[in-house]
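**Q** Would you mind keeping the following structure in view while I ask a few things?
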Amino acid sequence: MRIDGARVLLTGGSRGIGRALAEGLLRAGARVVISGRNAETLDAVAEALRSQGEIVGVGGDVGADADAAAMVAAAAEGFGGLDLVVNNAAILTTPTPIVRTSPETWRAVLDANVVGTANVIRHALPVMEASGGGAIVNVSSTWGRSAASGVAPYCASKFAVEALTQSLAQELPAGIVTVAVNPGVINTEMLATAFQSDVSMYTSPEALVPAWLSLFEQLDASWNGRSVDL
Ligand SMILES: NC(=O)c1ccc[n+]([C@@H]2O[C@H](COP(=O)([O-])OP(=O)(O)OC[C@H]3O[C@@H](n4cnc5c(N)ncnc54)[C@H](OP(=O)(O)O)[C@@H]3O)[C@@H](O)[C@H]2O)c1
């Protein structure tokens, strides 16, 4: 897929991996909608990145169907279509054993990470078909392939993202592909929550950008349904 000129929806673009990727995409010539629940932070990021290219911030929760629809609509109406969706938004709650994890925590994590991904896909697919095809990249994790103690809701959610990607791959019309991508262990707020320690020694989100762009550029039918490490 050609990044220069691509119309992109990148969920969770206000910090961490998403923010760095938004900037990388803009520099490569893409037009980008970013989203996040904290609209104030999101607007500040969109404003800061505007000098790099065309960017729109849409506040909202991907787990809320109407919010997901608004994110897709912003790309469809603002850019006239959608070529690439990166389902990056996700949460990880403070590590807790399953025996002390509440139903509310389970629902919050699964709503954001799984239902949110499905919501965006449901709204994006018809727009992508009308736009001539493209790619849906679902951000997974090492914890989407093997699990660890204390983070069961997050692990379950990322296993579900892997499964969702495999199902989707078999349902997609010709011209649209999907992959699940494990970005590795990256120095972000989420990682600090996961490890409950200093994570500054890990790879920065900015250092990951060339690998993201290279992956996007390679995506074609042969990649459909694959589970990829960045
Ligand atoms: N960091 C790592 O080592 C690592 C490893 C493997 C996989 N990942 C995956 O990489 C992706 C990015 O992680 P990160 O480390 O960059 O996380 P992060 O620093 O916590 O950033 C998460 C982003 O998603 C947004 N977000 C969270 N919940 C949302 C929701 N329900 N609706 C809309 N936006 C939402 C956040 O903004 P708001 O809080 O304002 O909503 C923020 O912009 C995630 O899918 C994560 O699971 C990360």
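Just so you know, all these numbers are worked out from the coordinates, no wet-lab data involved. All values reported here derive from a predicted model rather than from experimental measurement. Here the Cβ positions follow ideal geometry from the backbone for every residue, glycine too, while neighbour counts run over all protein chains shown.
**Q** Would you mind calculating the relative contact order of the stretch 9-136 from Cα pairs under 8 angstrom and at least 6 residues apart, reporting the percent as a whole number?
**A** Answer for the stretch 9-136 is 27 percent.
**Q** Checking understanding here: applying a Kyte-Doolittle mean of at least 0.0 and a length along the axis of at least 20 Å (C-alpha), which whole DSSP H helices in the chain pass?
**A** Going by DSSP H runs, the hits are 65-79, 116-130, 152-171.
**Q** First select every other residue whose beta carbon is under 11 angstrom from the beta carbon of Ala39; then total the charges, Lys and Arg +1, Asp and Glu -1.
**A** Net local charge, Ala39 excluded: -3.
**Q** Let me ask something else about it. Give the long-range amide H neighbours of Val86: residues separated by 5 or more places, or on another chain, with amide H under 5 Å away, using H modelled in the peptide plane at 1.01 Å from N.
**A** Amide H to amide H, under 5 Å and 5 or more residues apart or across chains, Val86 pairs with Leu9, Leu10, Thr11, Val137.
**Q** Continuing with the same structure: How high is the relative contact order of the stretch 7-229, in percent, with contacts defined as C-alpha pairs under 8 Å that are six or more residues apart?
**A** 20
**Q** I would also like to ask the following. Between Glu162 and Thr41, what FRET efficiency comes out of the Förster formula 1/(1 + (r/R0)^6) with R0 = 30 Å and r the beta carbon distance, rounded to 0.05?
**A** Once rounded, the FRET efficiency stands at 0.55.
**Q** Something else about it: Identify which of Gly57, Gly184, Gly133 has the largest mean-square fluctuation in a Gaussian network model of the chain, with springs joining Cα atoms closer than 10 Å.
**A** Fluctuation is largest for Gly184.
**Q** Across 10 Å bins from 0, what is the distribution of all Cα-Cα pair distances for the chain, in whole percents?
**A** With a bin width of 10 Å, the distribution comes to 9, 36, 40, 15, 2.
**Q** For a quick check: with amide H placed at 1.01 Å from N, whose amide H comes under 5 Å from Gly134's, ignoring anything fewer than 5 positions away on the same chain?
**A** Ile176, Val177
**Q** Could I ask something else about it? Can you compute the charge dipole magnitude of the chain about its Cα centre, using +1 on each Lys and Arg Cβ and -1 on each Asp and Glu Cβ, nothing else charged? Give it in debye, rounded to the nearest 20.
**A** Computed charge dipole of the chain: roughly 340 debye.
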